[in-house]
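> Take this structure first; my questions come after.
Read-outs: derived from the displayed coordinates by stated rules, not from any lab. Being a predicted model, the structure only gives us computed values, none of them experimental. Quick reminder, even Gly has a Cβ in these numbers, built from the backbone with ideal geometry, and neighbours come from all protein chains shown.
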Amino acid sequence: MLKALTRAGIGAVGSIQDFVRAAAEHEFEAITAGGTELEEWIAQDGAESVNSFLREQGIQIGSIGLSVQWRNSEEEFRSGLARLAKDAEAAAAVGCTTCTTYVLPSTDHNAAHFMAIATRRLRTCAQILAPYGISFGLEFVGPHHLRTRWANPFIWGLQETLDWIDAIGERNVGLLFDSYHWYTNGLGVDDILRLDASQIVLAHINDAPDVPLAEVLDNERVYPGEGVIDLTGFLRGLHQIGYTGLVAQEILTPQPSTEPSSVLLKRSQEAFRKVYTEAGLQ
C-alpha cells in the first residue's frame with residue numbers, strides 16, 4: 001500500500017513541484033492534486049517533462065478531487081462537466097487513475113429527490129472519467145454532528161454507500177475508504193474483511209482524539225498513531241483483502257497549523273512509520 005499525502009495537515013508546502021519534492025524527501029510515494037494545477041503544470045512544462053520529474057522523485061499523482069459541483073443546481077452541475085473532462089485528460093497524462101468526492105450525511109434538499117438527482121449526476125461523472133482510465137471514489141462521511149447539520153438525513157454508512165454504488169451502476173465507481181469515517185460509524189476490522197479490494201478506489205488515514213464517539217468532530221483530526229483509532233487493524237484489514245493502492249493522510253483541523261511545513265511533514269513521516277510498523281507492514 002503506497003504511502004501518500006494530501007495537502008491537509010502539512011501546512012503551506014508551496015507549488016505542486018514543491019509538494020512533490022517534499023513528499024519524496026519524507027519517504028512518501030504519492031500525492032493527491034487538483035486537476036487544474038495538473039493542467040497548468042503540463043501546459044507550462046509539457047507532459048514528458050512532468051512525467052520525467054515525477055519518475056526522478058519517485059512520486060505518483062495518486063488522485064484528483066472532483067471539481068464538478070454535483071450537490072447544487074442542475075445548471076451549475078452541467079457547467080462543470082467540461083472542466084471535469086479537462087481534469088481527467090490532465091490526470092491521465094501524468095498516470096493518475098483516481099478521482100474522488102465526498103458525500104455529506106445530511107442535506108437541506110428532500111432526501112429522496114436528492115438521491116435520484118445525485119445518482120444521475122455521479123453516473124454522468126463516472127462516464128466522463130471512464131474513457132481516461134480513471135476510477136471514481138465516493139467517500140461516506142461518518143461524524144455524528146454532520147448527520148444533523150442539515151435538515152434531512154442522507155447517507156453516512158458503508159453498506160448504504162456500497163448499495164448506492166451498485167445503483168449508480170458504473171464499473172469504475174468504488175469507495176474512498178477513510179479511517180475516520182470507518183471509526184465514527186463504529187465499524188471494525190471484520191467490516192473491512194467483508195470487502196473486496198476491487199471495491200476500494202482510495203484509502204485515507206488519520207486519527208481521532210479520545211472523546212466519546214458521538215462527540216468526534218470532522219475537523220478535529222490528529223495524525224496517525226496520535227489518537228484512539230485502531231489503525232493497526234485498519235491497515236492490516238486492507239492488506240489482508242489485497243488492497244495495494246494509496247493510503248493518503250488527510251488531517252482536517254479547525255484552523256491551519258502555524259508550524260512550518262517541514263515540521264508537519266516530518267511529523268507525518270514519523271506517524272506513517274509508526275502505524276505501518278505496528279501493523280507489520282514496514
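> Taking amide H positions as placed 1.01 Å from N in the peptide plane, with prolines and chain starts having none, which residues 5 or more places from PHE136, or on another chain, fall under 5 Å of its amide H?
Amide H neighbours of PHE136, under 5 Å, 5+ apart: CYS99, VAL173, GLY174.
> Short version: ³J(HN,Hα) in whole Hz for each residue of segment 206-222, in order, from phi by Karplus 6.51 cos²θ - 1.76 cosθ + 1.60 (θ = phi - 60°), x for Gly and Pro, what are they?
6, 9, 10, x, 7, 10, x, 3, 5, 9, 6, 9, 4, 9, 10, 7, 10
> Now a separate question. Dividing the alpha-carbon radius of gyration of segment 45-95 by 2.2 N^0.38 Å (N being the number of residues), what value is obtained? Let's see the in-between values first.
Working: Rg = 14.2 Å, N = 51, 2.2 N^0.38 = 9.8 Å.
Normalised by 2.2 N^0.38 Å, the Cα Rg of segment 45-95 equals 1.45.
> Can you show me the helix-derived [θ] at 222 nm for the chain, built from DSSP H runs with n ≥ 4 at -39,500 (n - 2.57) apiece and divided by the number of residues, rounded to the nearest 500. Can you show the working numbers first?
Numbers: 12 runs with 124 residues, N = 282.
Helices in the chain give a 222 nm mean residue ellipticity of -13000 deg cm²/dmol.
> Taking the beta-carbon count within 10 Å as an exposure proxy, list SER49, SER63 from fewest neighbours to most. Present the calculation step by step, with values, prior to reporting the outcome.
Details: SER49 12, SER63 26.
Sorted ascending by nearby Cβ count, the order is SER49, SER63.
> Still on this model: Once segment 2-278 is represented by equal point scatterers at the alpha-carbon sites, with solvent omitted, what log10 I(q)/I(0) does the Debye formula produce at q = 0.12 Å⁻¹?
-0.75
> Amide H of PHE177: which non-local residues (sequence gap of 5 or more, or other chain) have their own amide H closer than 5 Å, using H built in the peptide plane?
Here VAL201, LEU202, ALA203, HIS204 satisfy the definition.
> Further question on the same structure: Counting DSSP beta bridges with both partners in the chain, what percentage is antiparallel, nearest 5? Kindly include the intermediate steps, with their values, before the conclusion.
On the way: 3 of 31 bridges.
Looking only at bridges with both residues in the chain, the antiparallel portion is about 10 percent.
> Does a label point 7 Å from the Cα of ASP191, set along Cα-to-beta-carbon, have any residues of segment 151-180 with amide nitrogen under 20 Å, and which are they?
The answer is 153-167, 174-180.
> I would also like to ask the following. Go through segment 190-197 residue by residue and turn each phi into a ³J(HN,Hα) via Karplus (6.51, -1.76, 1.60, θ = phi - 60°); whole Hz please, and just put x for glycine and proline.
Couplings: 4, 5, 5, 5, 7, 8, 9, 4 Hz.
> Across segment 97-102, in residue order, what do the Karplus-derived ³J(HN,Hα) couplings come to in whole Hz, using 6.51 cos²θ - 1.76 cosθ + 1.60 with θ = phi - 60° and x for Gly and Pro?
Using θ = phi - 60°, the values come out as 10, 9, 10, 9, 8, 9 Hz.
> So how do PHE53, PHE136 line up by other beta-carbon neighbours within 10 Å, fewest first? Spell out each step's value before the answer.
On the way: PHE53 16, PHE136 25.
In order of increasing Cβ crowding within 10 Å: PHE53, PHE136.
> Next up: Report the one residue of GLY157, THR258, GLY9 whose Cα lies farthest in the direction of the positive end of the charge dipole of the chain (charges on C-beta: Lys and Arg +1, Asp and Glu -1; origin at the Cα centre).
Sorting the options by dipole projection puts first GLY157.
> I've got another one for you. Quote the charge dipole size of segment 1-81 about the Cα centre in Debye, to the nearest 20; the model charges only the Cβ of Lys and Arg (+1) and of Asp and Glu (-1). Intermediate values should be presented prior to the final figure.
Values: 6 positive and 13 negative charges, 54 e Å.
Using Cβ point charges on Lys, Arg, Asp and Glu, segment 1-81 gives about 260 debye.
> Along Cα→Cβ, 7 Å out, is where each label goes; now give me the distance between the ones at GLN127 and ARG55 in nm to one decimal.
Using points 7 Å along Cα→Cβ, the separation is 3.7 nm.
> Quick one: which residues, 5 or more positions from GLN60 or on another chain, have an amide H under 5 Å from its amide H? H modelled 1.01 Å from N in the peptide plane, none for Pro or chain starts.
Residues meeting the amide H criterion: ALA30, ILE31.
> Below 8 Å between Cα atoms, with a sequence gap of 6+, how large is the relative contact order for the chain in percent? It would help to have the intermediate numbers written out before the result.
Working: 536 pairs, mean separation 59.2, N = 282.
It rounds to 21 percent for the chain.
> Let me ask something else about it. Starting with the fewest neighbours, write out ILE10, ILE155 ranked by other beta-carbon atoms found within 10 Å of each beta-carbon. Please list the in-between numbers first.
Values: ILE10 26, ILE155 21.
Fewest-to-most ranking of ILE10, ILE155: ILE155, ILE10.
> At 37 °C and a viscosity of 0.692 mPa s, what translational diffusion coefficient does Stokes-Einstein give for segment 120-225, taking Rh as the Kirkwood radius over Cα pairs? Give it in µm²/s as a whole number.
On the way: Rh = 14.8 Å.
D, rounded to a whole number, is 221 µm²/s.
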